[in-house]
Each structure stands twice: as C-alpha cells, then as structure tokens.
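Have a look at the structure below, then the notes.
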DNA sequence: CTTTAATCAGACAAAAAAATCTGTTTATAG
DNA sequence: CTATAAACAGATTTTTTTGTCTGATTAAAG
C-alpha cells in the first residue's frame, strides 16, 4: 500500500485540526486528543511535541497543561504542518524514483505528474485551519461512532 | 518523508517502462534492467516475478531468458502496475487517516482531496505504455550519467 | 552431456516507520 | 506542602519495508 502522508503526518494534521476546532487559546491534553481521535497517546504526544519545536503549537506543562495553537488558525496552513512533519520532499522528487529526473532530463511522467503535484501543493498552501473549522467540527461530532 | 508510490512500485514502473522501450516481444534480463536503472538486481527480479504472476509480464527461464511484456504496450496502463504492486488503497482511503471518512461523514479535506485524487487516478488510467515510449527512450538515453 | 546463464523459491538481514515503556520535570489544586 | 496530572526525554520494542543471500530449477549453447 501507498500513502500520501506518513501516519505521523496524518495524526499531526488530525490533532492540529482538533485543536483549531476547540477555539483559539484553548488548551487540550494529549490524552483527550488521543482518545477522541483514536490515536496512541504516547505517539500523538511525541508528534505534538515536535510541532511545538516547530513553533506551530504551544505546550503547557503540569496539571491542567496541554497543547494549543501557537498562531491564529488563519495563519496556519496545512502545508506548514506537512512541512514540519514529513518535509516537502514529495514535492520535488521524481514520482518514478529516477534520481536524475530534472526539467532537462525529465522522466516520462514529469509534466503530467508535475501539474497534479502543483495542484496538490497549492491546495495545501491555500487551506488554512480557520477555513476548515466548520468541516472539522462536523467531522469531530461523528467520531464517537 | 512521504511518497506516492512505494520503492517497489517505483522500481516496477521503471522496469516495465524499460521493457516497453525495448520493443514488444523483446526479452530482457533482470540483470540488464538492474544495471541500467541502478536498482538492486535481486529486488527488481522479485518485483518482475510478482508482475509475472499478475499477468503483466512474461518470463522465460534458462540461458538467454528474461522478462518481456505480456501484452501490447497500448493495453498496459500505469494504473495496472500500481494496482498489482501497491494496490489501489490510496484511492479509497482517507487522506487524513480518519477510519470513518465517507461521503456522509467526510473529513475536512474530503472534496478538495477527492478531486485531486481522481485526477491522479485518471491520469494513471489514461497513460498506457505505448504513449510514454518516446519519453521513456529519451530518459533511458540519459541514464548513463 | 556438460557448462552456463537465466528465473524461481524461500529464508534471512538491515533499515525505517510506528508504537510502547519508564521515568523525570513541572505546574496546578487541594 | 503534598498529591496529582500533565508535558518531556529518551530508550526500547514491534512491524513494515527494503534489500540480500543461498540454492534449486530450467533452458540454450557448445
């Protein structure tokens, strides 16, 4: 099987969307996130720690501590989270794995894939957390099932 | 890092494109493919064996043996190779990893990603080996570098 | 018929990704 | 102050992916 984002990145995106749905400044524990999203607690905790280092998330230690967004949701783009976790390699390496793929020695899919990849990149760059809030709330409402 | 296709699938696509570039019916050894494409020989050999089981490739044992396409290049689509190696999971599982993602309980990216994914699927379905032959030949000509 | 060069089969090894565990530090609440 | 609940740090384990090795089988060529 193949996948666009690593599991780490999927979980990271889910967690950040969850944070944004709770409202700005709201502090949420890794435990709550893990339970609601059905993610291993220690794992999501690690991911949020790394996003804290990246400056996308704030953390507060001690009792009643947890995580919150470090910026306004309108200032956090999906690509920022992807870049922090998976990096942007998928947007500049050859889809067929040719190490030597370049505009002057393109692989057979260079153009076709290039344009799809750009569309994907643009989508992730345009989508900010605030724009997704309503959809995120809807989704979260149905997670109990 | 993330990736669209697994290494196995990348190598499989490269190898099949290589076969198609050599002309229909032409038999090529795993050794030659491995050397030209800079892929571990045993690995590409395994991949071609599996594609043989899938009916996309023919194999011939013994001296002067090797692999060849099992169908006309115009009848082999890229999606066939992807399906045989990586499966089609990436085209029907949630991009954010929500197990419960569906049209009635969509994830926040459901529509936007869905349309990009369809475009990708369509591209892989439309592209057959014969259509890529010229580009493949060009690429192969530059692999020595 | 014997040598050679190939696929094939299946175990094995190494590396990467995903997940878990153990314990420490920190801050709040009682 | 003390108990508690959280992040934090880092080692460890498990699983998956990637890659390697050994030998058996097969077929062509001399």
remark   = residue A:136 passes all but one of the listed conditions (1) within 23 Å of residue B:2 (Cα to Cα); (2) crowded, with 20+ Cβ neighbours inside 10 Å; (3) touching a residue at least 24 places away in the same chain (Cβ under 8 Å); the exception is number (1)
task = Test each condition in (1) more than 26 Å from residue B:77 (Cβ to Cβ); (2) buried (at least 20 other Cβ atoms within 10 Å of the Cβ) for residue B:129 and report the one that comes out false.
result = (1)
key: Filter result for residue B:48 (without any contact (Cβ under 8 Å) to a residue 60 or more places away in the chain, crowded, with 21+ Cβ neighbours inside 10 Å and under 16 Å from the mean Cα position of the chain (by Cα))   = yes
inquiry  = Just checking, does region B:32-40 include any residue being within 14 Å of DNA strand D (Cβ to nearest atom), more than 30 Å from residue B:113 (Cα to Cα), in contact with a helix residue (DSSP H, G or I) (Cβ under 8 Å, 6 or more places away or on another chain) and within 11 Å of another protein chain (Cβ to nearest Cβ)?
reply    = yes
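For residue B:8, state whether it is touching a helix residue (DSSP H, G or I) at 6+ places or on another chain (Cβ under 9 Å) and within 11 Å of DNA strand D (Cβ to nearest atom). Reasoning before the result, please.
Working: touching a helix residue (DSSP H, G or I) at 6+ places or on another chain (Cβ under 9 Å): yes; within 11 Å of DNA strand D (Cβ to nearest atom): yes.
When the stated conditions are applied, residue B:8 passes them.
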note = Subset of region B:1-21, residues outside any helix (DSSP H, G or I) and away from DNA strand C (no atom under 11 Å from the Cβ), comes to B:4, B:5
remark   = For helices (runs of 4 or more DSSP H) lying entirely in region A:44-141, having 3 or more residues that are at the interface with chain B (Cβ under 8 Å from one of its Cβ atoms) picks out A:110-126, A:129-141
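Determine whether region A:22-29 contains at least one residue that is in a loop (DSSP other than H, G, I, E, B), away from every other protein chain (no Cβ under 14 Å), more than 30 Å from residue B:8 (Cα to Cα) and away from DNA strand D (no atom under 16 Å from the Cβ).
The answer is yes, given that some residue of region A:22-29 is in a loop (DSSP other than H, G, I, E, B), away from every other protein chain (no Cβ under 14 Å), more than 30 Å from residue B:8 (Cα to Cα) and away from DNA strand D (no atom under 16 Å from the Cβ).
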ask   = Which condition number in (1) within 11 Å of DNA strand C (Cβ to nearest atom); (2) surrounded by 13 or more Cβ atoms within 10 Å (Cβ to Cβ); (3) more than 14 Å from the chain's Cα centre (by Cα) is the one that residue A:26 fails?
value = (1)
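Each reported figure results from applying straightforward, stated rules to the coordinates on display, with no laboratory input. In this text, all values refer to a predicted model and were calculated from it rather than measured experimentally. Positions of Cβ are generated from backbone atoms using ideal geometry, with glycine treated the same way; all protein chains shown enter the neighbour counts.
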